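The values are calculated or read from the model by the stated rules, or taken from the named source; none is laboratory data. Predicted, not measured: the structure shown is a model, and the values here were computed from it. Every residue, glycine among them, receives a Cβ derived from its backbone with ideal geometry; neighbour counts consider all protein chains shown. Each accessible area value is taken on the protein alone, full model and side chains, heavy atoms only, with ligands, DNA and RNA left out. Shrake-Rupley method; radii C 1.70, N 1.55, O 1.52, S 1.80 Å.
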Amino acid sequence: DGVPWFVKRLDHYTVLENPALDGGHFTVPIRELVGRHSRPPARDEAWFPTKKDDWVQLQNGTIAKVVIQTPELVQLVELGGARITCLTTEFLNTKIRNISTGFRITMEFGISYKHQHQATDIIPAMLHDHIKTGLDKFIDQENLLDLEIELLRAGSSSIDYEIEADCDGKIAHRYEDIEGEITRLAIEACNKYELEIPYPQLVIHKPE
């Protein structure tokens, strides 16, 4: 069913194990394995995409903690306490990000074209310094692995930047807090350096 199993003993009653699953140990008659084939595991191959107590990000952006994973079901707890339960096969077929191994928060941010003369070098440096200083106070400095501010595009009504913050998986449970703090710091930097954040604009040309 898509779950990998380690063949611990091959006999009339074969022992199968998955060390990453609660209850991941059972015995099956050899006849049930007729027509199936095994292979050696790859080096460092994971037996399951998550471990108990890992934090994951679901496709809709929700952050949740893995509290139970068995051969039959996986149960997650969202921030706030709501529980999500799904079949193990469904969990494996869902695109889920395991952020306990490390994660990147990405945010787009735009400023007015009136600052065009500083847009390629001075403004990215100012944003970087302000956001980096703020994040070092918000989380332990060693947990912020990298911070980049890059010019993304010349948009229709703004000059857009991409903010990328790489963080250690040890603070995965603070993902949403860090995301909000980056937004706050970016706005704070604009206030500090008097950078205008433009509204989206629609220009209508009337015929003569």
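For this structure, a couple of remarks:
- If you go through the range 22-65 and pick out every residue that is in contact with a Ser or Thr (Cβ under 7 Å, 6 or more places away or on another chain) and closer than 19 Å to GLY102 by Cα, you end up with 4.
- So LEU127, is it assigned to a helix (DSSP H, G or I) and under 27 Å from TYR199 (Cα atoms): yes
- All of GLU188, GLU181, GLU162, GLU148 fail the test of being in contact with a Ser or Thr (Cβ under 9 Å, 6 or more places away or on another chain) and at pLDDT 95 or above, apart from GLU162.
- Filter pass, MET107 being in a strand (DSSP E or B), more than 30 Å from GLU17 (Cα to Cα) and of a type in the set (A, V, I, L, M): yes
- You will find that of ALA82, ALA42, the residue that is out of contact with any Asp or Glu (no Cβ under 9 Å at 6 or more places or on another chain), at pLDDT below 95 and more than 19 Å from ASP168 (Cβ to Cβ) is ALA42 and no other.
- PRO71 vs. criteria over 26 Å from ARG174 (Cα atoms) and open to solvent by less than 60 Å² (accessible area, probe 1.4 Å): yes
- ARG31 basic (Lys, Arg), assigned to a helix (DSSP H, G or I) and open to solvent by 30 Å² or more (accessible area, probe 1.4 Å): yes
- Looking across the range 167-182, the residues that are of a type outside the set (Asp, Glu), open to solvent by 50 Å² or more (accessible area, probe 1.4 Å) and in contact with a strand residue (DSSP E or B) (Cβ under 9 Å, 6 or more places away or on another chain) come down to HIS173, ARG174.
- The selection criterion, being within 30 Å of LEU151 (Cα to Cα), of a type in the set (A, V, I, L, M, F, W, C) and open to solvent by 20 Å² or more (accessible area, probe 1.4 Å), does not hold for LEU79.
- Of the residues making up the range 77-120, those that are among the small types (Gly, Ala, Ser) and closer than 25 Å to GLU176 by Cβ are GLY80, GLY81, ALA82, SER100, GLY102, GLY110.
- Test for GLU142: is it open to solvent by 70 Å² or more (accessible area, probe 1.4 Å), under 26 Å from VAL77 (Cβ atoms) and not in a strand (DSSP E or B): no
- One residue alone among LYS95, LYS51, LYS65 is open to solvent by 50 Å² or more (accessible area, probe 1.4 Å) and farther than 21 Å from GLY2 by Cβ, and that residue is LYS65.
- Any chance ILE149 is open to solvent by less than 70 Å² (accessible area, probe 1.4 Å), touching a residue at least 40 places away in the same chain (Cβ under 8 Å) and β-branched (Val, Ile, Thr): no
- Residue under evaluation GLY102, criteria (1) surrounded by fewer than 12 Cβ atoms within 10 Å (Cβ to Cβ); (2) on the phi > 0 side of the Ramachandran plot, criterion not met: (1)
- All conditions but one from (1) assigned to a strand (DSSP E or B); (2) open to solvent by less than 40 Å² (accessible area, probe 1.4 Å); (3) free of Cβ contacts under 8 Å to residues at least 60 places away in the same chain apply to LEU185; the one that does not is (1).
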